[in-house]
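S.K.: Mind having a look at this structure? Questions to follow.
Read-outs throughout are calculated quantities, based only on the coordinates presented, and are distinct from any laboratory measurement. Nothing here was measured: the structure is a model prediction, and the numbers come from that model. Here the Cβ positions follow ideal geometry from the backbone for every residue, glycine too, while neighbour counts run over all protein chains shown.
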Amino acid sequence: MKKVLLALGIFSLSFAQENLEELKRQLEEQRKLIQELERKIKALEEAQKKQAEREETTQKTERPAPADRTVELKLKYSEGLRAYSPFSQRAFLPDISFIVDTSFVSRNVKDKTFKKLEIPGLFHTHENDHGHGLNRERGFNLNYGELYLYAPVDPYFDLYATIPFTEHDVELEEAYAVTRGLPFGFQLKVGKFRSSFGRFNALHPHAWDFATEPLVYKVFFGEDGLKEKGVQINWLAPTPFYLLLGAEILQGENEQSFGTKGFSVNTKKDGSGTDIPISDTRKPNLYVGFVKTSFDIGNLSVLTGLSYAEGKTRINHLKTDEPHAFAGRTKIYGFDLTAKYLIDSYRYIALQGEYIYRDQKGTRYGYNPAGNLITPSLSKKQGGFYTQLVWRFDRRWRVGVRYDLINKNDVKRNGIKRDLPDNLYAYYGMIEFNPTEFSRIRLQVGQNRAYFLEGERKKVNEVILQFNFAIGAHGAHPF
Amino acid sequence: MRWFVFLLFLFSLSFAQLRVVATYPWIGELVKEIGKEKVSVYVIAKGTEDPHFVVPKPSHIAKLRDADLLIIQGASIEIGFLPPLLTQSNNPKVQPGREGFLDLSQFVELIEKPQSVSRAMGDVHPEGNPHYQLDPHNIPKLARAVKEKLCSMDKNNCPYYETNLKDFLRRWEERLKVWDKGFEKLRGTKVIQYHKLYDYLLRRYGIELVGTLEPLPGIPPTAKHIEELIRKSQGVKFVLQDVYHEKRTAQFVAQRIGAKVVILPHDVGAVPEAKDLFSLFEEILKRLTQ
């Protein structure tokens with residue numbers, strides 16, 4: 001029994017042993033399974049993480065940068081103009097330039113006396129005159145600041161305007177349109193412009209070769225030259241050489257030789273008599289014709305021309321201390337010649353001269369010492385010239401001399417010749433330094449022996465140091 | 001009356017050909033190569049003149065009056081003389097924007113275009129350096145442009161212009177090979193020039209520009225600038241000098257740095273040897289390699 005029990009006991013034991021081993025094996029399997037699962041989960045997690053990271057980065061790159069406003073800006077603003085201005089017309093701005101002329105003047109005559117000086121039979125000023133003469137005062141002068149505008153209007157016209165400012169004043173000196181497309185060599189100019197009479201008249205002061213205008217221009221056309229409202233037609237002939245013919249119809253308000261406004265003159269100086277009305281002239285009043293031609297002989301270029309101006313005259317100085325007036329007609333003849341010898345690209349010698357002759361006829365209104373109106377017929381035959389030599393001896397340097405002379409001064413009242421001087425002259429010398437074509441420093445010395453003070457010749461010695469500057473878009477000057 | 005008939009005769013005689021006005025001799029030569037006897041050519045500037053400073057003589061106005069076609073170099077190089085000539089010409093046909101106006105600078109790539117301009121920088125051209133005719137590789141493009149223009153203005157003779165262009169291009173390409181080979185030897189050579197006149201040639205063949213005698217374009221040399229230039233000019237072989245500026249400065253600098261002054265033509269007619277476009281480049285090469 002004991003044996004059976006023992007065997008049973010062993011059996012059961014071994015069985016138990018077997019069971020235990022089975023259990024152990026199962027446990028081991030489960031542990032492995034868990035490990036496997038853990039590994040898988042880890043891998044999965046990692047993959048998920050990577051995926052998430054990848055997604056994040058792709059999201060980052062695909063999303064538009066919130067701070068970048070260029071697109072919005074571009075939608076609103078025109079990039080080319082960098083402003084909110086889709087209708088900007090800046091590209092159509094005209095050429096604008098500004099020219100400043102300033103000078104230092106030294107003169108042997110006091111300013112007050114200088115203003116009173118006259119050229120007998122030709123030029124005199126009055127107390128209430130306020131001309132635009134350059135270099136008027138001793139010491140420093142700001143002669144002008146000139147605004148210049150140019151642009152094509154459309155395919156048919158070009159427009160030019162010159163607006164000089166003085167210290168206290170502004171003037172619309174020139175404003176005119178020129179045709180761009182007339183056939184057969186014609187060109188039409190309309191507005192207010194410098195007449196093409198002669199050579200010097202059409203030049204702007206900053207293009208002058210000297211600081212002062214020639215005597216003949218001062219006495220026949222005044223300090224501002226012949227500048228009038230009107231119309232010009234010119235024709236360039238189809239010749240192998242330069243030949244220009246032109247005609248102008250102008251208002252004719254020039255204060256030295258023409259004038260349109262009539263006046264009323266009293267038979268008594270004190271105004272107690274009856275008024276005699278003198279009518280306005282026909283308007284327009286002034287007719288100008290010119291012909292210019294040019295040819296080259298080797299390096300020598302010659303430009304020459306003939307000019308003629310005719311109009312009625314009304315000069316009214318009745319409101320002055322010595323009241324007088326004039327009504328009549330004036331004819332002016334001009335001949336000009338320029339010969340420029342071009343040494344090389346930078347150097348030249350230029351000889352230029354003009355002769356101008358004035359024939360004026362009419363009635364003078366004045367008073368005798370008793371204060372009664374007298375109306376003698378007045379005839380003036382006057383003429384003179386200037387001649388100048390300018391040598392550009394270096395790219396930046398020019399020197400020049402000029403001689404002015406009025407040698408005919410026949411003035412007749414009622415056919416009786418007045419005893420007036422006919423040797424009125426002036427001479428000038430200048431040297432200038434032009435750092436570029438936009439700046440100029442000029443020293444001019446001169447003596448004027450044409451001025452008179454109370455019947456006595458008054459010699460005027462003058463030294464002018466002139467500065468001229470140009471900024472902006474300024475067109476090149478013609479020959 | 002007899003005068004009038006004579007004038008009429010002259011007028012009709014000149015009508016047969018296309019009347020072309022060119023601003024510079026090299027343009028005139030190009031037009032002659034393409035147009036030959038079907039065109040008459042009048043050239044405003046002389047080859048010996050400074051192209052920036054041409055005198056606007058009235059005699060040029062008379063030629064512009066009757067011109068059918070005006071061809072300019074452009075890039076503002078003619079600004080000092082052409083605008084007043086054009087406005088006085090009373091000829092609508094050759095005004096900018098009309099059919100008879102051709103600006104050759106439109107057909108080449110301009111170099112040295114400034115970002116901004118001010119007159120304080122001297123005579124700078126807002127469009128870039130205008131002396132583009134001195135790159136021989138630009139000439140064929142320009143020849144084609146001239147042919148196109150002549151064809152559009154004178155359709156009947158277009159085949160004639162085509163033939164002339166082909167012939168010209170053939171001869172040009174032939175010489176171009178020779179010039180390329182010749183100029184190639186100068187690659188890396190250091191040079192100084194008076195004005196920025198030869199830049200297109202120098203750039204094409206890799207010739208190194210050390211400086212200009214002018215401190216700024218259009219401003220004459222100053223002592224200070226020349227001293228500075230001499231200091232940085234080691235190894236400079238040539239001082240390139242145009243025909244119209246003073247030559248003393250170039251000689252002085254060349255002597256100080258041991259270089260050679262070479263007077264180079266910039267245009268046809270600048271030196272007697274440069275008789276046409278071909279001899280212009282032959283002469284430049286000859287003078288640089290001698």
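S.K.: If you filter segment A:228-306 for GluC sites (Glu not before Pro), then keep DSSP loop positions with at most 12 other Cβ within 10 Å, what is left?
M.R.: Numbers: sites: A:228, A:248, A:253, A:255; in loops: A:253, A:255.
Sparse-neighbourhood loop GluC sites (Glu not before Pro): none present.
S.K.: Right, something else. When Cβ neighbours within 10 Å are restricted to other protein chains, what is their mean count per residue of peptide B:81-94?
M.R.: Numbers: counts 4, 1, 6, 5, 3, 1, 8, 8, 3, 16, 7, 8, 2, 0.
Mean shielding by partner chains, rounded to a whole number: 5.
S.K.: Another question, if that's okay. Only four residue types carry charge here, +1 at the Cβ of Lys and Arg and -1 at the Cβ of Asp and Glu. Report the dipole size of segment A:351-402 about the Cα centre in Debye, rounded to the nearest 20. Show your work: numbers first, answer last.
M.R.: Details: 10 positive and 3 negative charges, 47 e Å.
My answer is approximately 220 debye.
S.K.: First check a/c for segment B:2-173, with a ≥ b ≥ c the square roots of the eigenvalues of its C-alpha gyration tensor; if it is under 1.5, answer rounded, and if not, answer prolate when a/b is larger than b/c or oblate otherwise.
M.R.: Numbers: a/c = 2.20, a/b = 1.24, b/c = 1.77.
It comes out oblate by the Cα gyration axes.
S.K.: Let me ask something additional. Determine the dipole magnitude for chain A: charges of +1 sit on the beta-carbon of Lys and Arg, -1 on that of Asp and Glu, nothing else is charged, the reference point is the Cα centre, and the result goes in debye to the nearest 20.
M.R.: Working: 68 positive and 60 negative charges, 150 e Å.
Rounded to the nearest 20 debye, it is 720 debye.
S.K.: Next question. Which value in deg cm²/dmol, rounded to the nearest 500, describes the helix-derived mean residue ellipticity at 222 nm for the protein assembly as shown, given -39,500 (n - 2.57) per DSSP H run of n ≥ 4 and division by the residue count? Intermediate results must be reported in sequence, preceding the final value.
M.R.: Values: 14 runs with 201 residues, N = 769.
For the protein assembly as shown, the value works out to -8500 deg cm²/dmol.
S.K.: If you don't mind, another one. Rounded to whole Å, give me the distance from the Cα center of segment A:195-263 to that of segment A:271-308.
M.R.: Segment A:195-263 and segment A:271-308 have Cα centres separated by 7 Å.
S.K.: Note the angle between two axes, namely the Cα long axis of helix B:248-257 and the longest principal axis of the Cα atoms of chain B, as a number of degrees from 0 to 90, rounded to the nearest 10.
M.R.: Relative to chain B, helix B:248-257 is tipped by roughly 40 degrees.
S.K.: Moving to a separate point now. Going by the alpha-carbon gyration tensor, a ≥ b ≥ c the square roots of its eigenvalues, is the protein assembly as shown rounded (a/c under 1.5) or, if a/c is not under 1.5, prolate (a/b greater than b/c) versus oblate?
M.R.: prolate
S.K.: Ok, one more. Lysine pairs, Cα distance under 19 Å, 8 or more residues apart or cross-chain: how many in segment B:45-150?
M.R.: Values: B:46/B:57; B:46/B:63; B:63/B:93; B:93/B:147; B:93/B:149; B:141/B:149.
Eligible lysine pairs with Cα atoms under 19 Å apart amount to 6.
S.K.: Something else now. Could you give me the ³J(HN,Hα) list for segment A:121-126, computed from phi with Karplus coefficients 6.51, -1.76, 1.60 and θ = phi - 60°, whole Hz, x at Gly and Pro?
M.R.: Computed from phi, the couplings for segment A:121-126 are x, 10, 8, 8, 10, 10 Hz.
S.K.: Taking the Cα centre of each part, how many Å lie between segment A:432-470 and segment B:216-259?
M.R.: 39 Å
S.K.: Once the other residues with Cβ under 9 Å from the Cβ of residue A:251 are scored (Lys, Arg +1; Asp, Glu -1), what is the net sum?
M.R.: Values: positive: A:192, A:229, A:283; negative: A:228, A:253.
Net charge in that neighbourhood comes out at +1.
S.K.: Okay, moving on. May I ask you to derive the FRET efficiency for residue A:306 and residue A:90 from their Cβ-Cβ distance with R0 = 60 Å, giving the value to the nearest 0.05?
M.R.: Working: r = 46 Å, r/R0 = 0.76.
Approximately 0.85, to the nearest 0.05.
S.K.: Let me ask another. What FRET efficiency comes out for residue A:287 versus residue A:337 if R0 is 25 angstrom and r is the Cβ-Cβ distance? Round to the nearest 0.05.
M.R.: Working: r = 24 Å, r/R0 = 0.95.
Calculated value: 0.60.
S.K.: In addition: Among the lysines, which fall within straight-line cross-link reach of residue B:232, defined as a Cα-Cα distance under 17 Å, with same-chain neighbours fewer than 8 residues apart omitted?
M.R.: Qualifying lysines at Cα under 17 Å: B:190, B:224, B:260.
S.K.: Only Cα pairs under 8 Å and at least 6 apart count here; give the relative contact order of chain B as a rounded whole percent.
M.R.: Working: 482 pairs, mean separation 47.0, N = 290.
Relative contact order of chain B: 16 percent.
S.K.: Checking the table B:32/B:185; A:331/A:417; A:115/A:361; A:340/A:380; A:192/A:312; B:36/B:181 against a 25 Å threshold on Cα-Cα, which pairs fail?
M.R.: On the way: B:32/B:185 32 Å; A:331/A:417 20 Å; A:115/A:361 28 Å; A:340/A:380 34 Å; A:192/A:312 19 Å; B:36/B:181 30 Å.
Checking Cα-Cα distances, B:32/B:185; A:115/A:361; A:340/A:380; B:36/B:181 exceed 25 Å.
S.K.: Testing the spin-label approximation: label points 7 Å from Cα along Cα→Cβ at residue A:245 and residue A:102. State their distance in nm.
M.R.: 4.9 nm
S.K.: Additional query: Of A:165, A:348, A:403, which is farthest on the positive side of the dipole of chain A, counting Cα position, with +1 on Lys and Arg Cβ, -1 on Asp and Glu Cβ, and the Cα centre as origin?
M.R.: Of the listed residues, the answer is A:403.
S.K.: Across peptide B:49-60, what mean number of C-beta atoms from other chains lies inside 10 Å of a residue's C-beta? Write down the numbers at each step before the final one.
M.R.: Details: counts 4, 4, 1, 1, 5, 1, 7, 4, 11, 16, 10, 5.
Counting Cβ atoms of other protein chains within 10 Å of each residue's Cβ and averaging gives 6.
S.K.: Further question: Considering the dipole of the protein assembly as shown built from charges on the beta carbon (Lys and Arg +1, Asp and Glu -1) around the Cα centre, which of B:280, A:240, B:223 is farthest to its positive end?
M.R.: A:240
S.K.: Which one of B:47, B:125, B:28 has its Cα pushed farthest toward the positive end of the charge dipole of chain B, where Lys and Arg give +1 and Asp and Glu give -1 at the Cβ?
M.R.: B:47
S.K.: Restrict the search to segment B:156-223; then list the trypsin sites (Lys or Arg not before Pro) that DSSP places in a loop and that have at most 10 other Cβ atoms within 10 Å of their Cβ. Before the final figure, lay out each step's value.
M.R.: On the way: sites: B:166, B:170, B:171, B:175, B:177, B:181, B:185, B:187, B:190, B:196, B:203, B:204; in loops: B:185, B:187, B:196.
Within segment B:156-223, the qualifying trypsin sites (Lys or Arg not before Pro) (loop, at most 10 other Cβ atoms within 10 Å) are B:187.
S.K.: Show which aspartates and glutamates lie in cross-link reach of residue A:408 when reach means a straight Cα distance below 14 angstrom and same-chain residues fewer than eight apart are skipped.
M.R.: Within reach: A:359, A:419, A:422.
S.K.: Let me ask something else about it. If you take every residue apart from residue B:184 with its C-beta less than 12 Å away from the C-beta of residue B:184, what net charge results, scoring Lys and Arg +1 and Asp and Glu -1?
M.R.: On the way: positive: B:177, B:181, B:185, B:187, B:204; negative: B:180.
Combined, the nearby Lys, Arg, Asp and Glu give +4.
S.K.: What angle, in degrees between 0 and 90 and rounded to the nearest 10, separates the Cα long axis of helix A:2-62 from the longest principal axis of the Cα atoms of chain A?
M.R.: Roughly 10 degrees, rounded to the nearest 10.
S.K.: Related question: With r defined as the distance between the Cβ atoms of residue B:222 and residue A:124 and R0 fixed at 41 Å, what FRET efficiency is calculated, to the nearest 0.05? Don't skip to the end; give the middle numbers.
M.R.: On the way: r = 51 Å, r/R0 = 1.25.
Step by step, r from the Cβ atoms, then E = 0.20.
S.K.: Sorted by packing (mean other beta-carbon atoms within 10 Å per residue), highest first, where do A:318-324, A:407-413, B:141-147 land?
M.R.: Working: A:318-324: 12.7, A:407-413: 15.7, B:141-147: 20.0.
The most tightly packed comes first, giving B:141-147, A:407-413, A:318-324.
S.K.: With Cβ to Cβ distances under 13 Å as the rule, what net charge do the other residues near residue B:228 carry (K, R +1; D, E -1)?
M.R.: +2
S.K.: Quick one: angle between helix B:2-15 and the longest Cα principal axis of chain B, in degrees between 0 and 90, rounded to 10, please.
M.R.: Helix B:2-15 sits roughly 60 degrees off the main axis of chain B.
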